[in-house]
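**Q** Structure provided below as structure tokens; questions to follow.
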Amino acid sequence: MALVLNEEQALLKETAEQFFQEKVPVANFRKLRDSKDENGYDTAVWREIANLGFAGIMVPEQYGGTDFGPVGLGLVLEQAGRTLAATPLISTVLLAGSAIQHGGTSAQRQKYLPLIASGEIVMALALEEGAHHNPCAIATKAEAAGDNFKITGKKVFVLDGHVADVMIVAARTSGGPKDTSGITLFLVDTKNTDGLKITRTHMADHRNAAIVEFDGVSVPAANVLGSVDGGWDVLEPALDIGRIGIAAETLGLIQQVFDTTVEYLKERKQFGKVIGSFQALQHRAAELFCEVELCRSVVLEALSAVEERRNDVPKLASLAKARLAEASRLITNEGLQMHGGIGMTDEYDVGLFMKRARVAAATLGDANFHRNRYAELDDY
């Protein structure tokens, strides 16, 4: 693993940093939150992101993407995390885009990947059915009906579900409620579809999610993504890419909290001295610095594993997700405490970063889930 970015990657990181700092600062997120924006993300910003090629970083050139690779997208997500940028990058590019590349037919790839790369479509993965991440626990059923399937069930925590043009829905076509076999993925058009009910919800970090109910929704057999009963082979690698991407975004988040906290320690005075001169706070800041650097190494290793198509991607995905979930809790807690009581006020950004860290930690599996998964993978 190379811990130093090459010239192209360094340029991409610089471009992403400049874009998000100038075009999508935290003030942009506050505006979306306070105005109760119906989309939950800035559509003009999303168009600019697509124009810069960020939405097509993982899409092959033949489908209109730049094919820059997972490391490149991780660098973009890291900068997005530093400004709390609310975009469909995770739902559309990471999860849906990865699933279509892994399991899509030639026709499906030709139809959807160019739209993803150009930012013309928003997609969502409808997977979760309970309060905690459990990708195998699928009770939503899909039953064959001639040349179609009829889907019945309920999904929760669907990222960007209420603005998605197309959803990838995980349903059970055979097997028990916790089997990996028997899961089938379907591409479902959300517009003018009978039996589909989508209810927008707001998460603790004010990001988009939705509850999606299916009441005999009819889907053509041609819309199966991957094979019938074989959806797990498509779903698992897409989830791992999503987990690593969320870890990359969280890396940017904790870096920003650390930088903001250090600046505050240099400015805030107590007893006639800047509080950063107090040894106890210096020790705490040093611990946070080490945590950030360790997390950076873990995330880069996981991204590199995906780019190199290595066999240890599942283990590194769980390692990165667990490590960043725990580190983000520590660093946001410490950042808020070092700001004192004012850190809890809405005037300061640190509280917003804490909320985002908590939701990101739970998305696609918390630290406990991934530690257990890592141990299971280690047995094989």
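The values are calculated or read from the model by the stated rules, or taken from the named source; none is laboratory data. Computed from a prediction, not measured in an experiment: that's the story for all the values here. Heads up, the Cβs are rebuilt from the backbone with ideal geometry, glycines too, and the neighbour counts pull from every protein chain shown. Accessible surface is based on the protein model in full, side chains and every heavy atom, while ligands, DNA and RNA are left aside. Shrake-Rupley method; radii C 1.70, N 1.55, O 1.52, S 1.80 Å.
**Q** List every DSSP H helix in the chain whose Cα atoms extend 30 Å or more along the helix's own long axis and whose mean Kyte-Doolittle hydropathy is at least -1.0.
**A** Result, helices passing both filters: 232-267, 279-307, 313-339.
**Q** Let me know the shape class of segment 219-305, please: from the alpha-carbon gyration tensor, a ≥ b ≥ c as square roots of the eigenvalues, rounded when a/c is under 1.5, otherwise prolate if a/b is greater than b/c, or oblate.
**A** Prolate, because a/c is 1.5 or more and a/b exceeds b/c.
**Q** Where does segment 315-367 land on Rg/Rh, using Cα atoms and the Kirkwood Rh?
**A** 1.07
**Q** Can you return the aspartates and glutamates within cross-link range of residue 154? Criterion is Cα-Cα under 17 Å, with same-chain partners fewer than 8 residues away left out.
**A** 128, 129, 143, 189, 194, 213, 215
**Q** Taking a ≥ b ≥ c as the square roots of the eigenvalues of the Cα gyration tensor of segment 260-380, is the shape rounded (a/c under 1.5), prolate (a/b larger than b/c) or oblate?
**A** prolate
**Q** Viscosity 1.306 mPa s, temperature 10 °C: give me the Stokes-Einstein translational D for segment 1-109 in µm²/s, with Rh taken as the Kirkwood radius over C-alpha pairs.
**A** Taking Rh from Cα pairs, D becomes 108 µm²/s.
**Q** State, as an integer percentage, the relative contact order of the chain based on alpha-carbon contacts under 8 Å between residues 6 or more apart. Show your work: numbers first, answer last.
**A** On the way: 710 pairs, mean separation 58.8, N = 380.
The value is 15 percent.
**Q** To check you understand DSSP bridge types, tell me what percent of the beta bridges within segment 123-198 (both residues inside) are antiparallel, rounded to 5.
**A** Working: 12 of 17 bridges.
Bridges in segment 123-198 are about 70 percent antiparallel.
**Q** Going by average Cβ neighbours within 10 Å, how do the peptides 211-218, 43-50 rank, with the highest at the top?
**A** 211-218, 43-50
**Q** Can I ask one more? Would you list 132, 339 from the most to the least accessible area, probe 1.4 Å?
**A** Order by accessible area, largest first: 132, 339.
**Q** Could you give me the percent of Cα pairs per 5 Å distance bin for segment 50-115, shortest bin first, beginning at zero and ending with the bin that holds the maximum distance?
**A** 4, 18, 31, 25, 13, 6, 2, 0
**Q** Using only C-alpha positions, report the orientation-averaged shadow area of the convex hull of the chain, nm², one decimal.
**A** 19.0
**Q** If a/c stays under 1.5 just call it rounded; otherwise compare a/b with b/c (prolate if a/b is bigger, oblate if not). Do that for segment 107-190, with a ≥ b ≥ c from the square roots of the Cα gyration tensor eigenvalues.
**A** oblate
**Q** Carbon-plus-sulfur fraction of the accessible area of the chain, 1.4 Å probe, in percent?
**A** 50
**Q** Now, a different point. For the chain, what is the calculated [θ] at 222 nm in deg cm²/dmol (nearest 500), taking -39500 (n - 2.57) for each run of four or more DSSP H residues and dividing by its residue count?
**A** -16500 deg cm²/dmol
**Q** How large is Rg/Rh for segment 162-213, to two decimals, with Cα atoms and a Kirkwood Rh?
**A** With Rg and the Kirkwood Rh in hand, the quotient comes to 1.05.
**Q** Only bridges with both residues in the chain count here: give the DSSP antiparallel percent, nearest 5.
**A** Antiparallel bridges: around 85 percent, rounded to the nearest 5.
**Q** Another question, then. Leaving out ligands and nucleic acids, and using a 1.4 Å probe, what accessible area per residue does the chain come to in Å²? Kindly include the intermediate steps, with their values, before the conclusion.
**A** Details: 16900 Å² over 380 residues.
The answer is 44 Å² per residue.
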